[in-house]
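Asker: Submitted below is the structure of interest, expressed as structure tokens.
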Amino acid sequence: MKKKSKLGFLSGFLLGSIFFSSLTYAATQSIPVDFKPIKFMVDGKLRETNDAFLYKGVPYAPVAFVGTAAGKNVSWDANASTVTIGGPAASVGSETRLSSLKYSMPYGLINTKSYVDNWDKGSFSAGGTVYDHGLGYTNVDKIADDKLPNTTRQVFKIELNGKYKALSGVVAADDNSPNKTDLIIWRIKGDGKVLFDSERMKAGQSQLINVNVAGVKTLELEIRKVAGNDKKQIHAFIGNALLK
């Protein structure tokens, strides 16, 4: 059973601004919410989104996601502040698990140190939250040096061929990393351009991401150790990563 937890280093916007696991929906009021992986089964089909959360034990998701998942058209009239759900959807949005795509590693050890959907001896986890799928790497032990890429850089390279618009999920340093003190960042690049740099994080810490990848042909996900001199390894992963 997955533990209830609140993810650290939250970022982005979801029905308002999110700060440290609280959803701000009015100028002077905020509510505590619990972000965790939530699956939706719609007419027997699995649908996934990283925009869902729990509030007082009740799951919430964007109305656009729920409506289109049910095969309904969803429209928003800003002038009337009205959401309309009805009629067949023009196109039902779909999500692709990042871990379902083939990847290469121009640096690092792809055969022995990279993992798909879980570690050899357990699930991806950060802050007590367990993630069902994603990509992970265990051999992060040297400060990143662009002059020594073969021994200090760990990069997942995935060909998107311009098919997707956004990448969402959680980047993290795993709870069970042998190295508990040194810091890493996750860097995401599209066609050689930096699209996102995460906060610095150590074992057990994570950050929600929602990165615009519209038009990107080649996606690179890099784990960079940026501080510390402990020789033990950091295990890092991108969890519940979805392309849409």
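Read-outs throughout are calculated quantities, based only on the coordinates presented, and are distinct from any laboratory measurement. This structure is a prediction, so every number in the text was calculated from the model and none was measured.
Asker: Tabulate in residue order the Karplus-calculated ³J(HN,Hα) for the stretch 218-223, using 6.51 cos²θ - 1.76 cosθ + 1.60 with θ = phi - 60°, rounded to whole Hz; enter x for Gly and Pro.
Answerer: So the Karplus estimates, Gly and Pro as x, are 10, 9, 10, 10, 10, 9 Hz.
Asker: Over the stretch 112-244, what is the relative contact order in percent, taking alpha-carbon pairs closer than 8 angstrom and at least six residues apart?
Answerer: Answer for the stretch 112-244 is 36 percent.
Asker: Going from the alpha-carbon gyration tensor of the stretch 40-184, what semi-axes, largest first and in whole Å, does one get by taking the root of 5 times each eigenvalue?
Answerer: Working through the eigenvalues yields semi-axes of 37, 18, 15 Å.
Asker: Suppose a student asked you for the relative contact order of the stretch 189-244, using Cα pairs under 8 Å spaced at least 6 residues apart; what percent would you report?
Answerer: Taking the mean separation of contacting Cα pairs over the length of the stretch 189-244, I get 41 percent.
Asker: Next question. Quick one: what are the phi-derived ³J(HN,Hα) couplings along the stretch 175-188, Karplus 6.51/-1.76/1.60 with θ = phi - 60°, whole Hz, x for glycine and proline?
Answerer: Using θ = phi - 60°, the values come out as 3, 9, 4, x, 8, 9, 10, 6, 10, 10, 10, 9, 10, 10 Hz.
Asker: Quick one: which residues, 5+ away or cross-chain, put their amide H under 5 Å from the amide H of Leu195? H built at 1.01 Å from N.
Answerer: Ile188, Lys189, Gly190
Asker: HN-Hα J couplings of the stretch 34-50 from phi, Karplus 6.51/-1.76/1.60, θ = phi - 60°, integer Hz, Gly and Pro as x?
Answerer: Per-residue couplings from phi come out as 10, 8, 7, x, 10, 9, 10, 9, 10, 6, x, 10, 6, 10, 10, 8, 9 Hz.
Asker: Can you give the alpha-carbon Rg of the stretch 99-188 over 2.2 N^0.38 Å, where N counts its residues?
Answerer: Here the Cα radius of gyration is 1.12 times the empirical estimate.
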